[in-house]
């Protein structure tokens, strides 16, 4: 006889359930009314289908009103969108339909039945699709999960001429389950989870826009037609979000920039700003403000705009960040008279200021008595962003950031981080921001340095974060797991604008790696060489929305 399953509830109580019991069985054992409202479970922190069998661990019952259900509402809505499109235009291929911030999208390949040419969706078709979605939701068909073999999934999708789904099946690693979710007769390859029926979605959703997209984000692959939508738990939440979008449209800085003669963009300079006289005066006023704030505490420097790729190889950027860098040869097809090797050298336009600042620190012998050394630069940097990601001043390829690097001892590190925080909070207060979220971004999967080094850096930041939250009621804190840079963990400062949107603007990063890679040192009190700690501090002024180095 199978052993019973022991579950721990949020109040700390424990109960046993027979092997094979589902999340719904658990909910029904608590109350019939809870079972009716339940849409999913969380087992040991993992969101699962309400129909999944439970295993031993900590369990929570998720109702539709739970904030964690919002992702399920949006995911279910994406599936209903795909079903609606295929009902209205049979033969349309579906690809992927993920949940995104504030909504969802689904990518389709539709061809015209007569010409067999690509037939992208138009905004005029969205009301038709939305109407069919409401009909599907009203059918209230249950979401049912099955696990298929790779061969069965491949054969079924191939028989339906779903070439993109066949490719997705082939890409799933061996040994992983292939889950199929159905809602009535319609089904899709999906990891899940989902709520128990389409009727749970409700009516608080709206299809918003259409756009083009490449399959797998690769411009050499087929172009698809993407439909974006938003979905919420209640009609009030939906109305609030749509109102915010209306207000955002009125405040669109790209439109205001043209109307107020501040700046413009044009095709010959994608992602870089043409500042007009009035806009440039505003920009320079921001720089002057920040110079006043840094006076006495920082030394302003300026590092070269273009450096040999060897320096970027040493820093690690060439290996870890090269796809975001602009690189040039010093000569094209000929030898410069002053440099016989010129046409063989590769230079990179700096995407960040930190390697240049290390070179300035290294120039001349430094003593422990000189530390901390704080170097600031209003340096123009250039980073390659995909054309589809560019967005006015908020996502660009060339920008200036209020950037600084502090070289200090380990004993000085925590105090420096707290001093930076005081500066950040004071600046934000000057600009009228009274609500700030500071998140610790921890080690990414791809990184340099030892685990012990990362443990040490993250521990220091955690201590500082706890103290910042205790001492300043304006600061709310959180963790962004795996979102640190390749050379160190960081704080991310997020502000809320006048209409409630969040923008990540400032960062503080602890870096034990770059000084070591460049051989930077100072002479300690014992007359021995010591490696400094490097702290990256960027974008204290909310002028571009661009984040740190």
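Any read-out appearing in this document is the output of simple, stated calculations on the displayed coordinates, not a laboratory observation. Bear in mind the structure is a predicted one, so any value in this text is a computation, not a measurement. No Cβ is skipped: glycine too gets one built from the backbone with ideal geometry, and neighbour counts run over all protein chains shown.
Descriptive notes on the structure:
- Sorting 262-271, 63-72, 413-422 by their mean Cβ neighbour count within 10 Å, with the most densely packed peptide first, gives 413-422, 63-72, 262-271.
- Average projection area in nm² (convex hull over Cα atoms of region 84-187, one quarter of hull surface): 8.0 nm²
- Among (i) 62, 25, 20; (ii) 47, 31, 25; (iii) 125, 32, 22, the entry that matches semi-axes √(5λ) of the Cα gyration tensor in Å as calculated here: (ii)
- For region 46-119: rounded, prolate or oblate by the Cα gyration tensor [a/c cutoff 1.5]: prolate
- Helix axis angle, 451-471 relative to the chain longest principal axis, alpha carbon, degrees: 90 degrees
- Against the chain, whose longest principal axis is taken from its Cα atoms, helix 69-88 shows a tilt of about 60°.
- Cα-based helix-to-principal-axis angle, 150-159 vs the chain, degrees rounded to 10: 80 degrees
- Whole-Å distance, taken between Cα centres, linking region 95-145 and region 438-505: 38 Å
- Mean Cα-pair separation over length for the chain, i.e. relative contact order, pairs under 8 Å, 6 or more apart, %: 9 percent
- Note on region 1-111: the C-alpha convex hull projects to 9.3 nm² when averaged across all orientations.
- Reciprocal of mean inverse Cα separation for region 193-352 (Kirkwood radius, Å): 22.1 Å
- Computed over region 140-241, the Cα gyration tensor eigenvalues convert (square root of 5λ each) into semi-axes of 28, 21, 11 Å, ordered from largest to smallest.
- Residue-averaged 222 nm ellipticity for the chain, from DSSP H runs of 4+ at -39500 (n - 2.57), nearest 500: -10000 deg cm²/dmol
- Size descriptor for region 423-549, Kirkwood hydrodynamic radius: 15.6 Å (Cα pairs only, one decimal).
- Shape call, region 372-454: gyration tensor on alpha carbons, a/c limit 1.5: oblate
- Cα-based shape type of region 209-283, given that a ≥ b ≥ c are square roots of the gyration tensor eigenvalues and the cut on a/c is 1.5: oblate
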